[in-house]
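First the structure, in the form of structure tokens, and then the observations on it.
The values are calculated or read from the model by the stated rules, or taken from the named source; none is laboratory data. All values reported here derive from a predicted model rather than from experimental measurement. No Cβ is skipped: glycine too gets one built from the backbone with ideal geometry, and neighbour counts run over all protein chains shown.
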Amino acid sequence: MRLIKHPVLCNYYLTYRCNATCSFCDIWEKPSPYISIDNFRENLRDLKRLGVKVIDFTGGEPLLHRDLDILLLEAKKAGMITTVTTNCLLYPKYAERLKGRIDMLHFSLDSPVEEEHNLSRGVKCFDKVMESIEIAKRIGERPDILFTVFEQNVDKIEQVWKDITMPNNLVLILNPVFDYNGVETGGGLSDETLKKLLWWGRQKNVYLNEAFISLRRNGGNHINNPICKAASTTLVISPENKLVLPCYHLGTKSFRIDNNLYELYKSAEVQEIIALEGKLKECEGCVINCYMQPSFAVEINKYFWKALPSTLKYNYIKSTWKQLL
């Protein structure tokens, strides 16, 4: 049974440019402009009209956008929940400007060992993550540590939890790696690793959406009975001010927005693509977290119930549940 029939999330790509070269991502390889404030304001009006509650300011590296603080303030004034994930290279420089404007601030960290994390990110940024934690605490922010889990780093979770997140009273978000577009991620996660993740997800100040684990064990999305609701729950807007469908990672079709996002989304052509969400041949086996998370939240099924406890836990810790009412 579908609970919510309108989009709830916007993945707003401010730019595809990045100051890191992560081995498990290909976004940074794309040439890219930056979004304009005028286009954002136009789209924000229509996002609110469509029922969107959360805007994920993403990239690339979102802090590369020189007006990120202004964009965040506009979103907050419109009543949106804001999220930003950063590699922290620029956070120490812009922390004061961003203060109080990000509801869910995520610092990416893949290992407690400096050399390992820097190798994963393709740039020396471990020290910037540590510095950013101290700065964020000093100015009254409470970032999360976003830990992308691979086979080779799952045993490093304990050290990050003991040495970094617990002493600083931060949430450790476990983000199981996923394959897409032929990007090398080291293959799927073993059942032993999935068991470890389930155990960690039940520890204090650790967030893991257990539905991610169930989905992987069930072989991911199946096109004959799709769980994915990417296109109907999530609007993807590109740096070129285009609506990308059915999701960023598949991106088979894009439409120029031209100050008519609401009408464009409601158009017959776009709705026809939305109706195919999770049913295209490329969707078979998909487990991409950023689209499955909202998919699990809008329809009552076995994944909804698996996701609910961890979702409630995180929103209670972060107090974001109040903004969803």
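Answer yes or no: is there a residue in region 27-41 that is within 15 Å of the chain's Cα centre (by Cα) and without any contact (Cβ under 8 Å) to a residue 40 or more places away in the chain.
So the first thing to find is which residues in region 27-41 are within 15 Å of the chain's Cα centre (by Cα), and the list is 27.
Keeping just the survivors that are without any contact (Cβ under 8 Å) to a residue 40 or more places away in the chain gives 27.
Yes; the residues of region 27-41 include at least one that is within 15 Å of the chain's Cα centre (by Cα) and without any contact (Cβ under 8 Å) to a residue 40 or more places away in the chain.
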Inset, instruction - State the number of residues belonging to region 68-82 that are surrounded by fewer than 22 Cβ atoms within 10 Å (Cβ to Cβ) and farther than 19 Å from Phe107 by Cα. - result: 8
Inset, instruction - Determine the pairs where a residue that is in contact (Cβ under 8 Å) with a residue 24 or more places away in the chain and part of a helix (DSSP H, G or I), located within region 291-309, has a partner that is surrounded by fewer than 20 Cβ atoms within 10 Å (Cβ to Cβ) and aromatic (Phe, Trp, Tyr) with Cβ atoms under 7 Å apart, the partner being 6 or more residues away or on another chain. - result: Phe296/Phe304
Inset, instruction - Would you mind listing the helices (runs of 4 or more DSSP H) fully within region 96-207 where at least 1 residues are at pLDDT below 95 and of a type in the set (Ser, Thr, Tyr)? - result: 114-121
Inset, instruction - Taking the residues in region 270-284 that are modelled with pLDDT of 95 or more and surrounded by fewer than 12 Cβ atoms within 10 Å (Cβ to Cβ) as candidates, determine which candidate is nearest to Gly220 (Cα to Cα). - result: Ala275
Legend entry - Selection count, region 131-140, where residues are crowded, with 16+ Cβ neighbours inside 10 Å and over 21 Å from the mean Cα position of the chain (by Cα): 1
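Take the conditions in a helix (DSSP H, G or I) and in contact with a helix residue (DSSP H, G or I) (Cβ under 8 Å, 6 or more places away or on another chain) and apply them to Leu235. Does it pass? So that I can check it myself, show each step before the final result.
Working: in a helix (DSSP H, G or I): no; in contact with a helix residue (DSSP H, G or I) (Cβ under 8 Å, 6 or more places away or on another chain): yes.
It is false that Leu235 is in a helix (DSSP H, G or I) and in contact with a helix residue (DSSP H, G or I) (Cβ under 8 Å, 6 or more places away or on another chain).
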Legend entry - Residue satisfying condition, being buried (at least 17 other Cβ atoms within 10 Å of the Cβ), on the phi < 0 side of the Ramachandran plot and either over 17 Å from the mean Cα position of the chain (by Cα) or among the hydroxyl-bearing types (Ser, Thr, Tyr) (or both), within set Ser267, Ser238: Ser238
Inset, instruction - Return only the number of the condition from (1) free of Cβ contacts under 8 Å to residues at least 60 places away in the same chain; (2) touching a helix residue (DSSP H, G or I) at 6+ places or on another chain (Cβ under 7 Å) that Lys77 does not satisfy. - result: (2)
Legend entry - Any hit, region 208-229, residues being surrounded by 15 or more Cβ atoms within 10 Å (Cβ to Cβ), at pLDDT 95 or above and acidic (Asp, Glu): yes
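Conditions (1) assigned to a helix (DSSP H, G or I); (2) of a type in the set (A, V, I, L, M); (3) surrounded by 17 or more Cβ atoms within 10 Å (Cβ to Cβ), marked per residue:
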| site | (1), (2), (3) |
| --- | --- |
| Lys5 | no, no, no |
| Tyr12 | no, no, yes |
| Arg17 | no, no, yes |
| Phe24 | no, no, yes |
| Asn39 | yes, no, yes |
| Val52 | no, yes, yes |
| Arg66 | no, no, no |
Legend entry - region 91-100: number of residues that are surrounded by fewer than 19 Cβ atoms within 10 Å (Cβ to Cβ) and either within 20 Å of Ile173 (Cα to Cα) or not small (Gly, Ala, Ser) (or both): 6
Inset, instruction - Determine, yes or no, whether Ser23 is modelled with pLDDT under 95 and in contact with a Pro (Cβ under 6 Å, 6 or more places away or on another chain). - result: no
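Would you mind finding the one in Gly219, Gly251 that is of a type in the set (Gly, Ala, Ser) and either touching a residue at least 24 places away in the same chain (Cβ under 8 Å) or under 22 Å from Tyr314 (Cα atoms) (or both)?
Numbers: Gly251 fails: either touching a residue at least 24 places away in the same chain (Cβ under 8 Å) or under 22 Å from Tyr314 (Cα atoms) (or both).
None of the other options fit; the residue is Gly219.
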